[in-house]
Amino acid sequence: MTGFKQICSKKITNFAENPNIRMTPCIFNLGTGEIIVILVVVLLLFGAKRIPELARSMGKGISQFKQGMNDAVSEIKDNTTENSDKSAAEK
């Protein structure tokens, strides 16, 4: 087994070979300090009362988007099965 590899900042680190290396989250190539600054700015802009409302509305929007995607996929599958059934009946 080659071990867990993390790709961040174009560096590949093999944690199996060097267990003393700490794993830090790598989100959009941002460090922990930058993420904390962004969270503080968001807190200052929106306030503590408004952030849960924003998170709820984002969650609802994401779930509606997923539901719409699932509906579209199922509709496409239904149409393709109907078309294949019609073409099989014609033969």
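So what is Rg over Rh here for the range 47-91, counting just Cα atoms and using Kirkwood for Rh?
Answer for the range 47-91: 1.48.
Using the Cα centre of the range 47-91 as the reference point, and only Cβ charges (+1 on K/R, -1 on D/E), how large is the resulting charge dipole? Debye, rounded to the nearest 20.
Its charge dipole is roughly 500 debye.
All of the numbers you see were taken from the coordinates with simple rules; none came from a lab. A quick note: this is a predicted structure, and the numbers were derived from the prediction, not measured. Methodologically, a virtual Cβ is constructed for each residue, glycine included, from the backbone with ideal geometry; neighbour enumeration extends over all protein chains shown.
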